[in-house]
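Below is one structure; the comments refer to it alone.
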Amino acid sequence: MVKLKKIICIVFVLTCIVFGGYMIKSKMAKDHTPPEITCTEETISVSVEDGESALMEGITATDNRDGDITKSVRVASMSHFINGKRTVEYVVFDKANHIGTLKRTVEYTDYTSPKIHMSRPLRYSLSETKNVNLSENLSAEDCLDGDLTNQIRTILDDSYYSGSAGAFPVTLQVSNSAGDVCSVQVELTLTDNEDRTESRKQYPLLSDYIAYTTVNNPIDPGSYLIGLEQNGSEYTYEADGEMLAGTREAIGINSKVDYSTPGVYPVEYTYSADGVITAVTKLYVVVEGEQDGEE
């Protein structure tokens, strides 16, 4: 009986030794080291037309067990613009499901901010206000995201809801996936239904009612003038030149643009002639600041 107990004790001790050795060996064999991503340049320059492969330039990844795993590196995220630059984060996993990450800076060589265009002025009679769709003549495009027209926001001043004729500020706004915002303040003009002179006004007609430029780069406001508009009918110098003879010279252009300072500024086109009520059309010029590294 004593001998049996000794044998059992010996077996138990040996079992513990074997199990302990197995656990130690398992822990030693287990992969505790995450993979590492490295890059040759901390800041890279790419075109907006480049694909993800351009973001992979100079990126390598290695793992202590799996070796070279560069082909497994993926772009995890891209930050919004910060001081004209973006941060790209890379990620890779090894076979033990450990993760390795790396961040570096991206500059675009040909980036331009999103732009909103307005093909007709925001001018309506009070009788139309119930059915007004301020976005119907707006469009927006972006070099990163393409067409952003359906994402344009129109922000109205509270005074618009007074129900009276007048000019009311409206902010047009759109942003792209990189967090870059285009914001343009324009005017919504409401005319009195009972004002008989309104039907006689001939408004200068423009090719676009929002123009873009950069600091210290003046535009030619006259290049946007294409004809006259009256009661919703448009007459252009190209198609109706004889009928509009002399009207171009009669249109005064008053620019209030400060090209040295970023902002949104109006250019007023005023038309008045014998027997014609003075009519004013506005072009809104967006002066953009210089983009660091072309963003």
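Rounded to the nearest 5, the antiparallel percentage of DSSP beta bridges internal to the chain is 85%. Calculated FRET efficiency, A239 to I277, Cβ-Cβ distance, R0 = 22 Å: about 0.40 to the nearest 0.05.
One decimal place: the segment T197-A96 gains 28.4 nm when fully extended, by the rule 0.36 nm per residue minus the C-alpha distance. Note on D94: accessible area approximately 10 square angstrom, rounded to 10, probe 1.4 Å, nucleic acids and ligands left out.
For the peptides 113-123, 99-109, residues were scored by their other Cβ atoms within 10 Å and the scores averaged per peptide; the highest-first order is 113-123, 99-109. Only protein heavy atoms count here; under a 1.4 Å probe, F81 has an accessible surface of about 40 Å². Each 10 Å bin, from zero up to the one with the longest distance, holds this percent of the alpha carbon pairs of region 188-280: 14, 44, 30, 12, 1. Which of these values of Cα extents along the principal axes in Å was calculated from the structure shown: (1) 76, 45, 32; (2) 130, 42, 32; (3) 76, 58, 45? This structure yields the entry labelled (2). Think of the chain as having a plus end and a minus end, set by charges on the Cβ of Lys, Arg, Asp and Glu; of G289, M243, P204, G289 sits farthest toward the positive end of this dipole. Principal-axis analysis of the Cα atoms of the chain puts helix 2-29 at an angle of about 30° to the longest axis. The relative contact order of the chain comes to 14 percent, based on Cα pairs under 8 Å that sit 6 or more residues apart.
When the alpha carbon gyration tensor of region 41-165 is reduced to an equivalent ellipsoid, the three semi-axes, largest first, read 48, 15, 12 Å. Using bins of 5 Å that start at zero, the share of Cα-Cα pairs per bin across region 203-244 amounts to 6, 21, 25, 20, 12, 8, 6, 2, in whole %.
Taking 0.36 nm per residue of separation and subtracting the Cα-Cα distance, full extension of the segment from T43 to R120 would add 23.4 nm. Entry note, the chain: the mean residue ellipticity at 222 nm calculated from DSSP H runs of n ≥ 4, each adding -39500 (n - 2.57), is -4000 deg cm²/dmol after division by the residues and rounding to the nearest 500. At a probe radius of 1.4 angstrom, the accessible area of region 103-209 per residue rounds to 50 square angstrom. Annotation: aspartates and glutamates with alpha-carbon distance below 14 angstrom to K201 (same-chain offsets under eight excluded): D192, E229, E234, D274.
The values are calculated or read from the model by the stated rules, or taken from the named source; none is laboratory data. Values in this document were obtained by computation on a predicted structure and should not be read as measured data. Note that each Cβ is placed from the backbone with ideal geometry, even for glycine, and that neighbours are counted across all protein chains shown. What goes into the accessible areas is simple: the full protein's heavy atoms, side chains included, and nothing from ligands, DNA or RNA. Shrake-Rupley method; radii C 1.70, N 1.55, O 1.52, S 1.80 Å.
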